Number of protein chains: 2
Amino acid sequence: MKSSPSTGYVTADDVATAAGVSRWTVNRAFKKDASISAAARAKVLLAAETLGYVPDLRAASLASDHSNLVAILIDDFANPHKLVMLERLTRVLRGRGWDMMLVNTLDRDDAEPALMNARRRRVDATILIGIQFDDEVLEAAHKAQHFKKLIIFARSSENKDTISISVDDRAATLEIAEYVRDRGYKTPFYLAGPRTNSAHLSRKETFLDFWAKEFGVTCDSVAVPAYDSILAADIISETLSNKPENERPDIIVCENDALALGAIDAIRHRLGLRVPDDIAVIGFDDVPQCESPNYRLTTYRQPLMDMANYLVDVLESAENSQLDKTFIGRLVVRESA
Amino acid sequence: MKSSPSTGYVTADDVATAAGVSRWTVNRAFKKDASISAAARAKVLLAAETLGYVPDLRAASLASDHSNLVAILIDDFANPHKLVMLERLTRVLRGRGWDMMLVNTLDRDDAEPALMNARRRRVDATILIGIQFDDEVLEAAHKAQHFKKLIIFARSSENKDTISISVDDRAATLEIAEYVRDRGYKTPFYLAGPRTNSAHLSRKETFLDFWAKEFGVTCDSVAVPAYDSILAADIISETLSNKPENERPDIIVCENDALALGAIDAIRHRLGLRVPDDIAVIGFDDVPQCESPNYRLTTYRQPLMDMANYLVDVLESAENSQLDKTFIGRLVVRESA
DNA sequence: TTGTAGGCGTTATCAT
DNA sequence: ATGATAACGCCTACAA
């Protein structure tokens, strides 16, 4: 038991002295399940309060080898859905006692250094959200095999060393496709996002397959190199501006809302047409803007709260394989399609 | 020097044994400025690579009492500008070797627990971004005086125990006001955000003062209880829908873009009027959507990269007072006003 | 219920 | 340039 430390922080020892107990009793006072008398706890908590003591989580983590800290690696801040995901994730994690580090994976070459960084902090899990964590990056990451848990959130992955928590893309896309068919649209156009090296069947492929089987026609599509509304607007207006009216699609099915919002802008302000009367639009994600009177976008909402809660279940699980899970969301019908 | 540890992590000792040097030499190999021979460093780095060793930052922090980790407390995820700020902040911090914890301050009562949490992690600085950190909360927080650095980002504050990094609201608002005057608008209407207990002069007050002095008239205003576009649209349409044409404002000046985008939606889709012909709109922040062909919002852009870089300067400074700084941004003129 | 050793993986500081 | 000692503040496991 020593007296005041050099660092300026109050330690358990200081509180112990003040409360007239041992340092270990002090620590017990801060644990829920600890076996400690109510009197002792009260005494300790009072002393801690007056001294301004709070336990040091670095030391706790070092000694116990779990930190209740996760790293979230994210790219693609242009997509407004990321803000929604961050809100849900931080809310649920914090509500259940977890902290998170947010890492901006600046570009694809930065993915590995970013993963390395998470390892240095000895986080309990590393969560990947974004488009640049393709199979190749994952392979390289897991070569070293030094992640307690590597979780891919809101994106499916067949990678074996990884836990994937995502919406069932196939089911979702089929629900969208059926809606498009049932509403009588005949000539859909698919607006896809950046191509990745991921092995799984993309939303676009699922949709095109469905349409081909249903009607025996291949519908057109184009890819936008980023999930960016402005870019999507540019590409849609380029693609459609010189098409005669009878070759025009009657609906644009978009891989996500970022693209869909751009598509609506282009249809109205570049092509001078109406949504949905001339061309309908359908999105994916249900970002807040979808509800704006300007867009009223029909879209597919992922059950993000459920997914985030399941993520914490995974964090708190002793297992770290066989934990993949897909979720079913729902189509939110508004006026855009 | 012990052999393989129980935790599964490779330690500096393991590398030391493998490389035939001492543990301290291993650590030196990972420091830029360390005095170590090139040969020794190469030997160590090779051994580390094959063993998969990376330094443990928890232990480093515990021993050195600085973590290169900051906590960012943020609320108001409805405002799309938050995503931009997060992008810039994470980019600059990471580029300069800092990690950040992101904490969602769920509501006002959660501010104190959230601050406590940052203390438990012994972060080098706590950064506050949001509206709920008013003077009262700051007071309570600093009563305990246990923050190495408490920084208010993108918001001015007169609190003495706090470092405020923000745009010069007064200069910005005056620039906007002069623009409004010079373009010949006569009857501006101010759309404000939630009222806070902050002591400083708000943008709204600055604008109203200017207009009163310039023309001797008080312009109308209304407050939206959250920085939320949908809500802003509702309130604008309520407020203006039953005004006769001659009492209608010719421009709506908004405290930020979230409100401004909602105002535009309301003007078009609820009031059936045109922007800017019937009513012009001006915002603040320059969120990405401003550039959309649908909005083309005239707005004021904060120099976020400069501000973020200055934030890191502050983190790396030995001082922790007299560090307040305000920045000057610029008006970005588009077609909405 | 309460106290005690020993260890977690670094760094500061001093010694060689 | 390299090695060694003593923290850093807590937790696990066990003893009293």
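The values are calculated or read from the model by the stated rules, or taken from the named source; none is laboratory data. Because the structure is predicted, anything quoted here is derived from the model rather than measured. Here the Cβ is made from the backbone with ideal geometry for all residues, glycine too, and neighbour counts use every protein chain on show.
Looking at the structure I just gave you, is A:PHE30 buried (at least 18 other Cβ atoms within 10 Å of the Cβ), at negative phi, of a type in the set (Phe, Trp, Tyr) and within 16 Å of DNA strand C (Cβ to nearest atom)? Yes; evaluated as a whole, the condition is true for this residue. Candidates are the residues of the range B:117-143 that are modelled with pLDDT under 90 and not in a helix (DSSP H, G or I); the one that is surrounded by the most Cβ atoms within 10 Å (Cβ to Cβ) is B:PHE133.
Results for (1) within 14 Å of another protein chain (Cβ to nearest Cβ); (2) buried (at least 16 other Cβ atoms within 10 Å of the Cβ); (3) within 24 Å of A:CYS254 (Cβ to Cβ), shown as yes or no for each residue.
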{"residue": "A:PRO288", "(1), (2), (3)": "yes, yes, yes"}
{"residue": "A:ASN294", "(1), (2), (3)": "yes, yes, yes"}
{"residue": "A:TYR300", "(1), (2), (3)": "no, yes, yes"}
{"residue": "A:LEU304", "(1), (2), (3)": "yes, yes, yes"}
{"residue": "A:MET307", "(1), (2), (3)": "no, yes, yes"}
{"residue": "A:PHE327", "(1), (2), (3)": "no, yes, yes"}
{"residue": "A:GLU335", "(1), (2), (3)": "yes, no, yes"}
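Filtering the range B:72-91 for residues that are within 10 Å of DNA strand C (Cβ to nearest atom) and free of Cβ contacts under 8 Å to residues at least 60 places away in the same chain leaves an empty set. Of everything in the range B:103-120 that is in contact (Cβ under 8 Å) with a residue 40 or more places away in the chain and not small (Gly, Ala, Ser), the residue that is farthest from B:ASP134 (Cα to Cα) is B:ASN117. If only residues of the range A:49-68 that are within 13 Å of DNA strand C (Cβ to nearest atom) and among the small types (Gly, Ala, Ser) are counted, the one that is nearest to A:LYS31 (Cα to Cα) is A:ALA60. So, A:TYR185, is that one assigned to a loop (DSSP other than H, G, I, E, B), among the aromatic types (Phe, Trp, Tyr) and buried (at least 16 other Cβ atoms within 10 Å of the Cβ) or not? Considered against the rule, which asks whether it is assigned to a loop (DSSP other than H, G, I, E, B), among the aromatic types (Phe, Trp, Tyr) and buried (at least 16 other Cβ atoms within 10 Å of the Cβ), A:TYR185 comes out as yes.
Among the residues of the range B:257-278, those identified as free of Cβ contacts under 8 Å to residues at least 40 places away in the same chain, at negative phi and assigned to a loop (DSSP other than H, G, I, E, B) are B:LEU271, B:LEU273, B:ARG274, B:ASP277, B:ASP278. Considering the conditions (1) within 14 Å of chain B (Cβ to nearest Cβ); (2) over 23 Å from the mean Cα position of the chain (by Cα); (3) among the hydrophobic types (A, V, I, L, M, F, W, C), A:ALA280 is excluded by exactly one of them, (1). Please work out if A:GLU175 is more than 14 Å from every other protein chain (Cβ to nearest Cβ) and either touching a residue at least 40 places away in the same chain (Cβ under 8 Å) or closer than 30 Å to A:LEU331 by Cα (or both). For A:GLU175, the condition - more than 14 Å from every other protein chain (Cβ to nearest Cβ) and either touching a residue at least 40 places away in the same chain (Cβ under 8 Å) or closer than 30 Å to A:LEU331 by Cα (or both) - is met.
Would you be able to tell me the number of residues in the range A:127-139 that are within 14 Å of another protein chain (Cβ to nearest Cβ) and over 25 Å from A:ASP65 (Cβ atoms)? Adding up the residues that qualify gives 2. Restricting the search to the range A:222-256, which residues are away from every other protein chain (no Cβ under 14 Å) and part of a helix (DSSP H, G or I)? A:THR239, A:LEU240, A:GLU245, A:ASN246, A:GLU247, listed by residue number. Within the range A:42-54, residues that are over 13 Å from A:VAL10 (Cα atoms) have Cβ atoms under 6 Å from residues that are within 16 Å of DNA strand D (Cβ to nearest atom) in these pairs: A:LYS43/A:ALA19; A:VAL44/A:ALA19; A:VAL44/A:VAL26; A:VAL44/A:ALA29; A:LEU45/A:ALA29, counting only partners at least 6 apart in sequence or on another chain.
Inside the range B:316-337, residues that are assigned to a loop (DSSP other than H, G, I, E, B), polar (S, T, N, Q) and modelled with pLDDT of 95 or more make up a count of 1. Within the set B:LEU86, B:LEU62, B:LEU69, the sole residue that is surrounded by fewer than 20 Cβ atoms within 10 Å (Cβ to Cβ) and at the interface with chain A (Cβ under 8 Å from one of its Cβ atoms) turns out to be B:LEU62.
Only a single item in (1) modelled with pLDDT under 95; (2) touching a strand residue (DSSP E or B) at 6+ places or on another chain (Cβ under 9 Å) is not met by A:GLU255, and it is number (1). Within the range A:96-118, being more than 10 Å from every other protein chain (Cβ to nearest Cβ), aliphatic (A, V, I, L, M) and within 18 Å of A:LEU69 (Cβ to Cβ) holds for one residue alone: A:LEU115. A single member of B:ARG28, B:ARG119 is touching a helix residue (DSSP H, G or I) at 6+ places or on another chain (Cβ under 8 Å) and of a type outside the set (S, T, N, Q), and it is B:ARG28. Is it true that A:ASP124 is in contact with a strand residue (DSSP E or B) (Cβ under 9 Å, 6 or more places away or on another chain), charged (D, E, K, R), facing chain B (nearest Cβ under 9 Å) and within 16 Å of DNA strand D (Cβ to nearest atom)? Taking the combined requirement at face value, the residue does not satisfy it.
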